[in-house]
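Undergrad: Below: one structure in structure tokens.
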Amino acid sequence: MYFSVSTLGYFRRFHFWVTDSLDAEHTYEGRIRAFEWFGGGTREVLVDNQKTAALTHRTGESPVFHPRFLDLASHYGFDPKACQPYRARTKGKDERMVGYVKANFFVRYQSFESLDHLNRQAELWLRQEAHQRRHGTVREVVSERFSREFPALLPLPAVRFDTSYRETRRVAWDGYLEVRGNRYSVPADLCGQTVVVRIGFDDTFRVYDAADVLRACHRIRPFDQGGWGTVAEHQNDLWKESFQVETRALSVYEEVASCS
């Protein structure tokens, strides 16, 4: 398991999110969930030099940030910053919180039913324990300090940043496309076309056409369950067309039979 930690440098309030991947989509999702947990954004975000945020950062040079991380920064209105290479004290607050979570939360919660269950436990622990402690450096209860300074946070945007995986698929002649081992229907007019599939963290995916218009939405079926995901409306036009072809073929056969 992995977890990402986000700490408010002045407030000392922090959030962590447990997941099973360290890729870009999960990294950005962790930042967004932290903002939503805090109830607002920050004017700066200081990150470690992971490739999902800073592509390169050489000593004495400015960092080159990942394009999607810059999109995230623009969406939430923060300035991206990166820790100086080989200068551990610039990220000390986060490193200490990583150790605090390991030594306190994971020592107590060693079993869980799912990632969702574990993250619910994490937020309950944050609310009831971690944020009720008296911080050793600032000599204040974390929740009290946060409540006083909360108005300094930036408002969250009306539309959430999309952290979905983005893949392209070609729709088959029968109006189905394959996603993670199973087949799912789309509107019949998309047959033979290339579409964009956006797979979210909520076990659903959305299908967009070439004009970036949402055309279908499905819940992902577990691979071991198999089966096809079909929306009846998607297949109506195909069935009508098939019926018309069958009717024409039958008419031709009847005409030939009558002539003979």
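Undergrad: Of the heavy-atom accessible surface of the stretch 1-151 (probe 1.4 angstrom), what whole percent is carbon and sulfur?
TA: Heavy-atom surface of the stretch 1-151 belonging to carbon and sulfur, 1.4 Å probe: 49 percent.
Undergrad: Follow-up question, since we're still on this one. Which one is right for this structure if Cα Rg over 2.2 N^0.38 Å is calculated from it: (1) 1.42; (2) 1.04; (3) 0.94?
TA: For Cα Rg over 2.2 N^0.38 Å, the calculated option is (1).
Undergrad: Enter the accessible area of ARG96 (Å², nearest 10), with the probe set to 1.4 Å and all protein chains included.
TA: For ARG96, the solvent-accessible surface is approximately 140 Å².
Undergrad: Ok, one more. What FRET efficiency would be calculated for the residue pair TRP173, VAL138, taking the C-beta separation as r and a Förster radius of 45 Å, to the nearest 0.05? Could you put the intermediate results ahead of the total?
TA: Numbers: r = 65 Å, r/R0 = 1.44.
According to the calculation, E is roughly 0.10.
Undergrad: If the label point is 7 Å along Cα→Cβ of ASP20, which residues in the stretch 172-202 have backbone nitrogen under 20 Å from it?
TA: Backbone N within reach: 179-183, 198-202.
Undergrad: On to the next question. Kyte-Doolittle mean at least -1.0 and Cα extent at least 30 Å along the axis: which DSSP H helices of the chain qualify?
TA: 232-259
Undergrad: Take each of the peptides 202-215, 29-42, average the number of other beta-carbon atoms within 10 Å over its residues, and list them starting from the highest. Don't skip to the end; give the middle numbers.
TA: On the way: 202-215: 13.3, 29-42: 18.9.
Result, highest mean Cβ count within 10 Å first: 29-42, 202-215.
Undergrad: Is the C-alpha gyration tensor of the stretch 109-178 telling us rounded, prolate or oblate? Criteria: a/c under 1.5 is rounded; beyond that, a/b larger than b/c is prolate, otherwise oblate.
TA: Verdict is oblate for the stretch 109-178.
Undergrad: Moving on. Using amide H atoms built in the peptide plane, which far-off residues or other-chain residues are under 5 Å from PHE65 H to H?
TA: The answer is LEU55.
Undergrad: Could you work out [θ]222 nm for the chain from helices alone, using -39500 (n - 2.57) per DSSP H run of at least four and dividing by all its residues? Round to the nearest 500 deg cm²/dmol.
TA: So the helix-based figure for the chain works out to -11500 deg cm²/dmol.
Undergrad: Would you kindly find the accessible area of SER21, with a 1.4 Å probe and non-protein molecules such as ligands, DNA and RNA excluded, rounding to the nearest 10 Å²?
TA: 30 Å²
Undergrad: To the nearest 0.05, how large is the calculated FRET efficiency for PHE106 and GLN193 if R₀ is 51 Å and r is the Cβ-Cβ distance?
TA: 0.60
Undergrad: When DSSP beta bridges are limited to those with both residues in the chain, what percentage is antiparallel, rounded to the nearest 5?
TA: About 85 percent, rounded to the nearest 5.
Undergrad: PHE146: net charge of surrounding residues, Cβ under 10 Å, Lys/Arg +1, Asp/Glu -1, itself excluded?
TA: +1
The values are calculated or read from the model by the stated rules, or taken from the named source; none is laboratory data. A quick note: this is a predicted structure, and the numbers were derived from the prediction, not measured. Here Cβ is always computed from backbone atoms with ideal geometry, including for glycine, and neighbour counts include all displayed protein chains. Just the protein is used for accessible areas: all its heavy atoms, side chains included, with ligands, DNA and RNA removed. Shrake-Rupley method; radii C 1.70, N 1.55, O 1.52, S 1.80 Å.
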